[in-house]
């Protein structure tokens, strides 16, 4: 007899042999005992978990010639000894028709099936149709089968197996009993593999079997297929194949999870070089970046679940719900617990999100190696980030709080004006005299609503007395007020505030002696009433127009915008500078582009009209047709022509406009 693969050789022949689908097998056996047989069944679920197998077992149980409760058949299980059971097991039963719906998916095939369903079975009690991959059947073919499913003959039973039940029309699903199969648990797969290894005479340690069970990913058939391949490639000892975990990993093209544990340890220690070195070793060994990213995603998922479930570094609390969530071996559970203990739940979630995005990008990137290495480096960078919650928690909300400094705050002023940390300085806590809690909205409202004096002096205490160490003072010019930033009221942060030290500049003598210095800053704030422009002090519309035109003429490639604004009518109304343009709404963005508008606004600010809003109004109809006479430049040929009496008389008589002036004088 030809060799049979393990998935076919050890295919279950009884309901009790099916692993991990008790909710289906118990229901079907009870229905057989009670004679509550439906005319249509839908078996859906993951691949390789027993859908078609249970359909065949149910067909054997329905057509078994021995009655339930007899000596040969005490339960609802098929007897496996009658002719019907033997023929169904061999696959040559006349009244059990198994159809590949992926091939016979058209309406013509379903019509033939419907016509054949009218005839009674040749020998058995039921004529059973098993439609594998039923979701491949077309909608028209399903519609042709609807009437038969709704009112079938008494001798017909339809069984449809599918991995995508949502593709089956709802009208068909509502006429059948739907059983949703579960993915097979790791312990069930492991038990089956252990029993098959004993029957096949294969020596396999627990690590190898666990690796095979994990590779099955909830599919019994996938696990058996990988085991069959592993046995074929395993070395022989005393005529028996020996399965080893390292040999199985090499066969599947995977790496041990200890590598990813090492990577996360390097991430925790902020060692980017070690992360890249490990990645380089894996890639140089011929591993695919996509496969490595896939394994890293799975390992990070296990770490997240281990963190949520509270699994310790020694595998404590790995049973119960945690064991259900983590379908991995005990060794891998302990490894995931060790990695999870290094990070918080939020960090592990960010890591998982980054690697998921990296795995998705590797599918359409050319340089997969670089993107995989970049994804690993992002994990190191994420570890360096400070959570927003921790940053916000450092701000005091009450008065008189003492905030411990994480880094030394003493040091000299650099070129940027920031205090640099001194490695040798003391890291003792610095007492910060914080201001009482205040509402920024209330302070802002008071600033605008309450009229203040022309000049108001506001004293803001910057810090409590701070002792400046001697070793950090090198020269009087290098010493300044040493204090962490203080959240001061809004009144202290007004524009154009000159700041001077009330205590004066620290001298080298006082700093060298280590005396306490309490600098106090006086902020002289100019009130809004003194700085805001009054209506009478605003420039006129003509002045604003002239300033805008001169700014555009001075700029490059803005002559068109200058001419358009020269032809426009300017007015200042209600806090707005309204410019009535002579161009249409369509042409306005092209004539006065963004760069030109920016130049105009800058010119208006220089003339003291920065608080006014610039509004460009496009012309339409008669407004666009009428153009204001353009003023001539002083000293130009056009200006000289306008001064001629004949030209002036022509303008009065004919309302003429000079557009072009040609100089015909010789020698000039």
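The values are calculated or read from the model by the stated rules, or taken from the named source; none is laboratory data. Note that the structure is predicted; figures quoted are calculated from it, not measured. No Cβ is skipped: glycine too gets one built from the backbone with ideal geometry, and neighbour counts run over all protein chains shown.
Here are the numbers:
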| item | result |
| --- | --- |
| Test result for residue 67, assigned by TED's automatic domain parsing to the domain that holds residue 156, in a helix (DSSP H, G or I) and free of Cβ contacts under 8 Å to residues at least 60 places away in the same chain | no |
| Any hit, the stretch 609-625, residues being in contact with a helix residue (DSSP H, G or I) (Cβ under 7 Å, 6 or more places away or on another chain), assigned to a helix (DSSP H, G or I) and at pLDDT 65 or above | no |
| Near pairs, Cβ below 8 angstrom, 6+ apart or cross-chain, from the stretch 551-563 (in the same structural domain as residue 599 (by TED's automatic domain parsing)) to any residue that is not in a helix (DSSP H, G or I) | 552/558; 561/592; 561/593; 563/630 |
| Residue satisfying condition, being crowded, with 16+ Cβ neighbours inside 10 Å and at pLDDT below 85, within set 330, 401, 322 | 322 |
| Test for residue 259: is it in contact with a helix residue (DSSP H, G or I) (Cβ under 9 Å, 6 or more places away or on another chain), closer than 30 Å to residue 233 by Cβ and assigned to a loop (DSSP other than H, G, I, E, B) | no |
| Close pairs from the stretch 357-381: first not assigned by TED's automatic domain parsing to the domain that holds residue 300 and surrounded by fewer than 12 Cβ atoms within 10 Å (Cβ to Cβ), partner at pLDDT 90 or above and not in a helix (DSSP H, G or I), Cβ under 9 Å, at least 6 apart | none |
| Among the residues listed as 136, 164, 177, the single one being touching a helix residue (DSSP H, G or I) at 6+ places or on another chain (Cβ under 7 Å) and in contact (Cβ under 8 Å) with a residue 24 or more places away in the chain | 164 |
| Condition met for residue 55 (outside the structural domain of residue 217 (by TED's automatic domain parsing), within 25 Å of residue 141 (Cβ to Cβ) and touching a residue at least 12 places away in the same chain (Cβ under 8 Å)) | yes |
| Yes/no for residue 113 being touching a strand residue (DSSP E or B) at 6+ places or on another chain (Cβ under 7 Å), over 30 Å from residue 225 (Cβ atoms) and outside any strand (DSSP E or B) | yes |
| Number of the condition not met by residue 218 [criteria: (1) in a loop (DSSP other than H, G, I, E, B); (2) at pLDDT 90 or above] | (2) |
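For (1) buried (at least 17 other Cβ atoms within 10 Å of the Cβ); (2) touching a helix residue (DSSP H, G or I) at 6+ places or on another chain (Cβ under 8 Å); (3) within 17 Å of residue 55 (Cβ to Cβ); (4) not assigned by TED's automatic domain parsing to the domain that holds residue 64, each residue gets a yes or a no:
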{"position": "83", "(1), (2), (3), (4)": "no, no, no, no"}
{"position": "89", "(1), (2), (3), (4)": "no, yes, yes, no"}
{"position": "93", "(1), (2), (3), (4)": "yes, yes, yes, no"}
{"position": "105", "(1), (2), (3), (4)": "yes, yes, no, no"}
{"position": "112", "(1), (2), (3), (4)": "no, no, no, no"}
{"position": "116", "(1), (2), (3), (4)": "no, no, no, no"}
{"position": "120", "(1), (2), (3), (4)": "no, no, no, no"}
{"position": "124", "(1), (2), (3), (4)": "yes, yes, yes, no"}
{"position": "127", "(1), (2), (3), (4)": "yes, no, yes, no"}
